[in-house]
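Down below is the structure, laid out as structure tokens.
Each value in this text was obtained by applying a stated rule to the coordinates, not by laboratory testing. What you see is a predicted model; the values in this text were computed from it and never measured. Virtual Cβ from ideal backbone geometry, glycine too; neighbours counted across all protein chains shown.
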Amino acid sequence: MARLKFPRRYVIVFLTFICTNVCYIERVGFSIAYTVSADAIEVNQANKGMILSMFYYGYVLSQIPGGWAAQRMGGRRVLLLSFLLWSLICGLIPLDPNRVVILVLSRLFVGVAQGFIFPAIHTVLAQWVPPQERSRSVSLTTSGMYLGAAGGMLFFPSLVKHMGPQSVFFVEAVLGVAWSLIWLKFSSEPPRTDLPKVAMPKVASREKIKAQAGGVVAPRTVKIPWRRIIFSLPVWAIVVNNFTFHYALYVIMNWLPTYFELALKLSLQDMGSSKMLPYFNMFIFSNIGGVVADHLITRRILSVTKTRKLLNTIGFVVSAVALMALPSFGTPSGTVICSSISLGFLALGRAGFAVNHMDVAPKFAGIVMGVSNTAGTLAGIVGVGLTGNILEAAKASNMDLTSSETWKTVFFVPGYLCIFSSVIFLIFSTGEKIFE
């Protein structure tokens, strides 16, 4: 029986999906484990926000260097090294809220290590994936983040309850090392033969083959057009939307457990499977967005530009409405529904701005992703830390943190940002290649 041929680029996309899955298991896991440990010794909300946001300080430092390293060293190698580094840190560092310096440094270095991952992934995908498969490939890869968050929310509260917060670090380290070994064994540099065949003369230059195969990343000696990237309005449209997406995501990811416990009097352990629904919804909607986008583009129903703008606008506007409605319900079921709608449509919007890196700069996708994700990481620093300070200021003003009304500012800020960002993307974005 003839051996079934399976395109290797599918294996690469699947492995990057697992990669983002494990990364977000780590992030959600730390948030859950640290919150339980900190609450046990009554750490105040501002200090909790500081520790939770420290990851993003490290993360922001390595976004642009991550794109540069992937361009020079290759995304495959950068992914492997960064994964091994953060996994070892998780396996060696004790989770003790009293040891603030150790926690700060460990989260800082985990952030630095993980900051290389997404620019490297975009470099890898730009090498392997042809244009007609980009939306669904990127959407599948990034949907791993949400499935990882959903799995972490479902599994880790029970693990913490029965085996203690430190057990979360051990599980995360094992998952990280396991993925690294699988990536080392099954990943490779992209051979031209794996890409969809394109009619061309038998004798063709390497650059011509690359261009016809989908505009994969530039040779490592090509000069990076930093000035044009930094002053490009379409790039800034991506940057603004990346900032807003991550502001909303990180605020919900890091502070929704506290909202449930303070305002709704409900611990994560008591919520059952409903606590994973917002992130599972992101997984579903992210892949729906990718499939719809590729369908609209390949069937020529809409241009690439109009497709990106349509999905981005629908995603961000619906998400804004759900965010601002969330504190009005004041019930666990209403909160789960609103957060699920908000995060689901945010994920749908990724078929707009998040794939746009490869539209405008296929040869420099990792670099543009590094610039864009720097803004997304700053959103984590600003959003997570600012939320802690908002709550501490409310407490100092004798406002009741157990009232959902007190939390309105927390959810209205990302709601307004979503509306603003969707307008920016509508005006300035493009689906055309602007960097050769």
Among Trp68, Met399, Gly352, whose Cα sits farthest toward the positive end of the charge dipole of the chain (+1 at Cβ of Lys/Arg, -1 at Cβ of Asp/Glu, about the Cα centre)? Trp68
What list of ³J(HN,Hα) values in whole Hz, one per residue of the range 363-371 in order, does the Karplus curve 6.51 cos²θ - 1.76 cosθ + 1.60 (θ = phi - 60°) give from phi, with Gly and Pro shown as x? 7, 10, 4, x, 5, 5, 5, x, 5
Which distance in Å, rounded to a whole number, links the C-alpha centroids of the range 48-64 and the range 142-156? 20 Å
So if each residue of separation counts as 0.36 nm, and I subtract the Cα-Cα distance between Leu184 and Leu401, what length gain in nm does that give? 73.3 nm
What's the lysine pair count for the range 265-400 at a Cα cut-off below 26 Å, pairs eight or more apart or interchain? 4
Between the range 233-249 and the range 105-134, how far is it from one alpha carbon centroid to the other, in angstrom? 17 Å
Dipole magnitude of the chain about its Cα centre (Cβ charges: Lys, Arg +1; Asp, Glu -1), debye to nearest 20: 2140 debye
So, in Å, what gap is there between the alpha-carbon centers of the range 303-362 and the range 76-99? 31 Å
Taking the Cβ of Gly349 as the centre, find all other residues whose Cβ is under 13 Å away and add up their charges (Lys, Arg: +1; Asp, Glu: -1). +3
